[in-house]
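Comments concern the structure below.
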């Protein structure tokens, strides 16, 4: 199957059977901009827990030292490496995984010390960070509108949604955006990350017209 990621892969001589157009998804962009805040919250939770264990003279001091060191590392990344995390989403996911596992471990430690309520609060917090990790990981792989013979796949926060050609009223690709309207009067608009070239725009428009007629 021929597959074209617009603006990324090379041109093909035959008309592709699928297009993937990188788009600017507002909720995804908001999550990216908020990434540093969530890292800061995780570092603060880890730091407070480490200081607390020092104050109560917890026997497992190595755990306290590790928590303080990890919190310091995350603070350094937040204040001096925010651009680095934005440019390397894979590394951002690694830090998010570390935060998730650390907060989960804190919850287990608190419950073992008979702090049941605080332990469950940390479990819920770790679950929230698990959701963040899942979405940030998916952003890396699904921040695009896929136009296929079966329909159009739209990126969404939890899972991508596919709209069949039978449900599509119109598709209007432009150099800098794409507009989709369904038969249920749902209007979907995305700005493109890279402007389309003339031949790309013509191919996509022809592809959409062909499948709308067949649909």
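Could you pull out every one of the helices (runs of 4 or more DSSP H) wholly within the range 44-142 that has 2 or more residues that are buried (at least 16 other Cβ atoms within 10 Å of the Cβ)?
Hits in the range 44-142: 61-80, 89-112, 116-142.
Of the conditions (1) in contact with a helix residue (DSSP H, G or I) (Cβ under 7 Å, 6 or more places away or on another chain); (2) surrounded by 14 or more Cβ atoms within 10 Å (Cβ to Cβ); (3) within 14 Å of residue 23 (Cβ to Cβ), residue 211 fails just one. Which one is it?
(3)
From the list 200, 181, which residue is more than 16 Å from residue 19 (Cβ to Cβ) and surrounded by 14 or more Cβ atoms within 10 Å (Cβ to Cβ)?
181
Residues 27, 22: which one is in a strand (DSSP E or B) and either touching a helix residue (DSSP H, G or I) at 6+ places or on another chain (Cβ under 6 Å) or surrounded by fewer than 19 Cβ atoms within 10 Å (Cβ to Cβ) (or both)?
Matching residue, one of 27, 22: 22.
Output the residue which, of all residues in the range 152-169 that are in contact (Cβ under 8 Å) with a residue 24 or more places away in the chain and outside any loop (DSSP other than H, G, I, E, B), is farthest from residue 33 (Cα to Cα).
166
Where a number appears in this text, it was derived from the coordinates with a stated rule and is not lab data. Just so it is clear, the structure is predicted and the values come from calculations on it, not from any experiment. Positions of Cβ are generated from backbone atoms using ideal geometry, with glycine treated the same way; all protein chains shown enter the neighbour counts.
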